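Working notes, beginning with the structure itself.
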Protein chains: 2
Amino acid sequence: MPQTPLTVADIGEFGLIDRLRRRFEQGGEGVLRGIGDDTAALQVRPGYLLLATTDALVEGVHFQRATIPARLLGRRALAVNVSDIAAMGGIPRWALVALGLPAETPLSFIDDLVEGLAEQADLHRIRIVGGNLTRSPERLVLDLTLLGEVEMDRAIYRTGARPGDRILVTGTIGDSAAGLAILLGQVPRTVPGAEELIARHQLPSPRVEAGRAIALSGLATAMIDVSDGLAGDLGHLVVDNGLGGVVDLAHMPLSPALQAAAAASGRDPLPWALYGGEDYELLLTAPTHRVDELTRAVEATGVSLTAIGEVTAEPGLWLRHPDGQRVPLTPAAWQHFRSTDQTVVRAPTPPGSAREERQGEEGWP
Amino acid sequence: MPQTPLTVADIGEFGLIDRLRRRFEQGGEGVLRGIGDDTAALQVRPGYLLLATTDALVEGVHFQRATIPARLLGRRALAVNVSDIAAMGGIPRWALVALGLPAETPLSFIDDLVEGLAEQADLHRIRIVGGNLTRSPERLVLDLTLLGEVEMDRAIYRTGARPGDRILVTGTIGDSAAGLAILLGQVPRTVPGAEELIARHQLPSPRVEAGRAIALSGLATAMIDVSDGLAGDLGHLVVDNGLGGVVDLAHMPLSPALQAAAAASGRDPLPWALYGGEDYELLLTAPTHRVDELTRAVEATGVSLTAIGEVTAEPGLWLRHPDGQRVPLTPAAWQHFRSTDQTVVRAPTPPGSAREERQGEEGWP
């Protein structure tokens, strides 16, 4: 009789829980009760705020099994939540994992997914303290809730930017969008830098250490992570607070891999950088006279920090070309539920951008 | 032109977030940042443990739009998480709401769902501090994460029962399962007590005040809420800890509505009570000499407490008949992923029980 691969239906809910419990180390600092109880009991430190964030990944909407291996999916699902904690300057600590699984999901897929979650958790010393398992007939659904901590007087929020502040971003942007374009076959996989860009898309590196350095320095006025695209997330920092921003085209931090891939494929890398999203870098504002000190603090963590523009009292977002000319930069945040463009101003989608590809993938029919 | 009802696709993700933000009161004690930021910033009190629990409801698996109105679905989704916090003796405080929505979901359905969530939150003074919105092509998915607090020295866990302890349960059990049987048409809706039983199924009353009274009394040794069925959850309290339990048939707290419905339909109410689940009552253990004091503490909150049996050193679960005869009571917890009964001992499903109906509804094909 041929051996058929085991599925989640073969081992049942409790079998799955046992598997998770085995891989996720139990207990640890601050964990009084974890997996196996209905509720985790956690000890938050005096003087710290609790941070709580949740993000869901739905198969066919946020990922496809064809374009990301299960282990990387697990790592990525946790990493994007870690990025939210990092954007407040916090320390990620405990996670709850809710999995919705089709009955025919191979057990090997679950094992790889759990391995990825555990690897990413280990990397940040996060404890998986609970969760939920349920059947989801058509699609795999991963809903992660991540809890973290930040010193009460060090948390950085989306609000707080002031006119005249410099706008800064860690690392490089646009890589993830370019990596997705390659995965979707819209840019040849043979371009130089392709594997690096794909890795940036599949496995973001949330900027926890940089975020901690920024928070502890007390020098930043506002911060967010770049998940919707630089333009969209900058809008949250300034436009949502009645301010504006000017971004210098010449100062955009583009990686050598992105520049090489763009050149080889005859693409403009800018749409990827401005509208691509999923970079999971930190975007922040700080007074001009604190930028040098802040940059040193961030670079001490091994991550670059680049000043890309400034906050203005005049509302709106602008892109400044090297000749000084300004063009509007529309805050085009990623909208999951929008079927038409009729009532909301959004940035025109640059042809061939990753954003356009995601719209094809995620937008309503 | 006929007016078509608005759907979530018509207002987009940000329109939905605005709608949620309008209905869920912002700020409040302990909330430094809530809806609208990627991460909630919360202040946990010194001397308290943080409690964290998550539960997902998937359309067609855990509920059907035909059998529960959207408002009650919202209330129920939050209530079942509140019950998990209550089972640790905790105070529910903050919730994160992750919604997966088909594009064609009517906006009125969402409004009712949100209203239900807000009503239940108001009832327990819970703040909705964040969440996630995403598209879920086929099915509505509600994943709630609830955070709570409990005094460090008052938390009650699943572990801690000792041989000789009495087994106690709040309120009445089996009502929810009988209500579901009526909703599924397996018991006529005309039986006496039907509406009360349906209400118990659609809108559980998590025992927060009773749980607090039990925790503050310091008299209970272990506690859990009855979600999988009395037999299954008792198994978690005793069998999982190497102990056993005997339950007295004559002492099962059955409501007048359940007894009337059972009598009128010629059913035995016992399977509903033992295996039905979703009662969201509290099941606990306490030393015999503390039972009177504990009962008074619980009854002061307006909820009854009934001693139904005792913990034994001998492993296994038993049902004791009035003539003293014991029959095995299998710990038949609800297993979402189990397709067959081949490898795990489970209680025989009594014909016509709510458990059987749920198996038809939720089991693997």
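Checking each residue in the stretch B:82-95 for being facing another protein chain (nearest Cβ under 9 Å) and either part of a loop (DSSP other than H, G, I, E, B) or out of contact with any Asp or Glu (no Cβ under 7 Å at 6 or more places or on another chain) (or both) picks out B:ILE85, B:ALA87, B:MET88, B:GLY90, B:TRP94.
Residue pairs whose Cβ atoms lie under 8 Å apart, sitting 6 or more positions apart in sequence or on different chains, and linking a residue in the stretch B:232-248 that is within 13 Å of B:PRO328 (Cα to Cα) to a partner that is surrounded by fewer than 24 Cβ atoms within 10 Å (Cβ to Cβ) and hydroxyl-bearing (Ser, Thr, Tyr), are B:GLY244/B:THR312; B:GLY245/B:THR312; B:VAL246/B:THR312. For the stretch A:1-33, the set of residues classified as over 20 Å from A:ALA95 (Cβ atoms) and either modelled with pLDDT of 70 or more or assigned by TED's automatic domain parsing to the domain that holds A:GLY100 (or both) consists of A:THR4, A:PRO5, A:LEU6, A:THR7, A:VAL8, A:ALA9, A:ASP10, A:ILE11, A:GLY12, A:PHE14, A:GLY15, listed by residue number.
Yes or no, residue by residue, for (1) more than 15 Å from the chain's Cα centre (by Cα); (2) part of a helix (DSSP H, G or I):
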{"position": "B:ARG76", "(1), (2)": "no, yes"}
{"position": "B:VAL80", "(1), (2)": "no, yes"}
{"position": "B:VAL97", "(1), (2)": "yes, no"}
{"position": "B:ILE110", "(1), (2)": "yes, yes"}
{"position": "B:LEU113", "(1), (2)": "yes, yes"}
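When B:THR306 is tested against (1) part of a loop (DSSP other than H, G, I, E, B); (2) modelled with pLDDT of 95 or more; (3) closer than 22 Å to B:ALA177 by Cα, just one condition goes unmet, and that condition is (1).
Whether a residue is in contact with a helix residue (DSSP H, G or I) (Cβ under 8 Å, 6 or more places away or on another chain), farther than 30 Å from A:LEU99 by Cα, crowded, with 21+ Cβ neighbours inside 10 Å and within 11 Å of chain B (Cβ to nearest Cβ) was assessed, and A:ILE156 passes this test. Could you please tell me which pairs satisfy a Cβ distance under 7 Å, a separation of 6+ or placement on different chains, a first residue in the stretch B:45-71 that is without any contact (Cβ under 8 Å) to a residue 24 or more places away in the chain and within 7 Å of another protein chain (Cβ to nearest Cβ), and a second residue that is of a type outside the set (A, V, I, L, M, F, W, C) and not in a strand (DSSP E or B)? Qualifying pairs under 7 Å: B:PRO46/A:PRO46. Taking A:THR170 as the residue in question, decide whether it is buried (at least 21 other Cβ atoms within 10 Å of the Cβ), away from every other protein chain (no Cβ under 11 Å), among the polar types (S, T, N, Q) and in contact with a Leu (Cβ under 9 Å, 6 or more places away or on another chain). Criteria met by A:THR170. Entry remark, the stretch A:212-271: residues being within 14 Å of chain B (Cβ to nearest Cβ) and among the hydrophobic types (A, V, I, L, M, F, W, C) number 7 in total.
The values are calculated or read from the model by the stated rules, or taken from the named source; none is laboratory data. Here the structure is a predicted model, which means the values were calculated and not measured. Every residue, glycine among them, receives a Cβ derived from its backbone with ideal geometry; neighbour counts consider all protein chains shown.
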